[in-house]
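Novice: Input: one structure, supplied below.
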Amino acid sequence: MAETAPEVSPSRSPRVLVVDDERSIVDFIRLGLQYEGFQVQTAPDGQAALRMISEFKPHVVVLDVMMPKLDGLAVAEAIRGNKDTGVIILSAKDEVADRIKGLEVGADDYLVKPFDFGELLARIRAVMRRRNPSAGPLLQVQDLTMDETTREVRRDGRAIELSAREFDLLRLLMMHPNQVLARDRILDQVWGYNFFGDANNVEVYIRYLRQKLGDEPHKLIQTVRGVGYRIKA
């Protein structure tokens, strides 16, 4: 059964469908992509994948080859005419002939298991840039824009210099416009699950962002008392 990712903005967050019958691999990829701000759905076999592609309309499908009911090569071939959906085959088969076959049936890329998540993430983003530039790295909320590739932030055309932590915090907020993000969630996703500080760090960096963005009336980044923060779209 497919799983629904936490609610994110459908207009800006890129969508990825992960298709594999190995639960541990699916969960590993899903959690990593959700942390990076993607919307993620999963499917355990090729037939379920075709249904999800029609309903979810993913920008990229990460697709295992050896699966029940319908294998990954058949799925890739079935959707090769869909110009908005890229395909990355993820397979334990590492022979050159296997790679060639995967690319010939319509896959954009081929990654061999075991794999590094950072490499998979980079390949997903590369396929998205080639296939669907509108789902690319530019985020916008009101007059605020962020280019995730160049890490440039502008408000009303004015360049904003941010530290790495400030950038990550603003990126998280912009990935979830109008949604209230709890302080604990912000700590986990920006500072990391192993961070031993407290929610005061979030408050301090929110203040830094407001100062740099010229948001002293707090109309852009809003405080929801007793809960957390949201960016107003």
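Novice: Is it fair to say Leu181 is assigned by TED's automatic domain parsing to the domain that holds Asp84 and not basic (Lys, Arg)?
Specialist: On the way: assigned by TED's automatic domain parsing to the domain that holds Asp84: no; not basic (Lys, Arg): yes.
Against the criterion (assigned by TED's automatic domain parsing to the domain that holds Asp84 and not basic (Lys, Arg)), Leu181 does not qualify.
Novice: Check the stretch 184-195 and report whether any residue there is assigned to a strand (DSSP E or B) and not assigned by TED's automatic domain parsing to the domain that holds Glu22.
Specialist: Applying the first criterion (assigned to a strand (DSSP E or B)) to the stretch 184-195 yields none.
No, there is no match, as no residue in the stretch 184-195 is assigned to a strand (DSSP E or B) and not assigned by TED's automatic domain parsing to the domain that holds Glu22.
Per-residue answers, yes or no, for (1) at pLDDT 90 or above; (2) out of contact with any Lys or Arg (no Cβ under 8 Å at 6 or more places or on another chain); (3) outside the structural domain of Asp64 (by TED's automatic domain parsing):
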residue: Glu95; (1), (2), (3): no, yes, no
residue: Asp98; (1), (2), (3): no, yes, no
residue: Lys101; (1), (2), (3): no, yes, no
residue: Pro114; (1), (2), (3): no, yes, no
residue: Ala122; (1), (2), (3): no, yes, no
residue: Arg125; (1), (2), (3): no, yes, no
residue: Leu144; (1), (2), (3): yes, no, yes
residue: Asp147; (1), (2), (3): no, yes, yes
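Novice: If I go through the stretch 150-174 residue by residue, how many of them are touching a residue at least 24 places away in the same chain (Cβ under 8 Å) and acidic (Asp, Glu)?
Specialist: Result for the stretch 150-174: 2.
Novice: Give me the pairs, please: first residue somewhere in the stretch 24-49 and over 16 Å from Leu120 (Cβ atoms) and in the same structural domain as Val60 (by TED's automatic domain parsing), second residue anywhere and assigned to a loop (DSSP other than H, G, I, E, B) and polar (S, T, N, Q), beta-carbon distance under 8 Å, and either six or more positions apart or on two chains.
Specialist: Matching pairs, first to second residue: Gln39/Ser13; Gln41/Thr4.
Novice: Just name the residue that is surrounded by the most Cβ atoms within 10 Å (Cβ to Cβ) out of those in the stretch 149-187 that are of a type in the set (Asp, Glu) and more than 17 Å from Val204 (Cβ to Cβ).
Specialist: Within the stretch 149-187, the match that is surrounded by the most Cβ atoms within 10 Å (Cβ to Cβ) is Glu152.
Novice: Scan the stretch 3-25 and give yes if some residue there is closer than 30 Å to Arg230 by Cα, in contact with a Ser or Thr (Cβ under 6 Å, 6 or more places away or on another chain) and modelled with pLDDT under 90, otherwise no. Walk me through it before giving the result.
Specialist: The initial filter retains those residues of the stretch 3-25 that are closer than 30 Å to Arg230 by Cα, namely 3-18.
Now restrict to residues that are in contact with a Ser or Thr (Cβ under 6 Å, 6 or more places away or on another chain): 3, 18.
Restricting the remaining residues to those that are modelled with pLDDT under 90 gives 3.
Yes, that holds for at least one residue.
Novice: Considering only the stretch 160-183, I want to know if a residue exists there that is in a strand (DSSP E or B), in contact with a strand residue (DSSP E or B) (Cβ under 7 Å, 6 or more places away or on another chain) and over 26 Å from Gln39 (Cα atoms).
Specialist: Scanning the stretch 160-183, I find at least one residue that is in a strand (DSSP E or B), in contact with a strand residue (DSSP E or B) (Cβ under 7 Å, 6 or more places away or on another chain) and over 26 Å from Gln39 (Cα atoms), so the answer is yes.
The values are calculated or read from the model by the stated rules, or taken from the named source; none is laboratory data. What you see is a predicted model, and the numbers here were worked out from it, not measured in a lab. Neighbour counts are summed over all protein chains in view; Cβ atoms, including those assigned to glycine, are modelled from backbone coordinates with ideal geometry.
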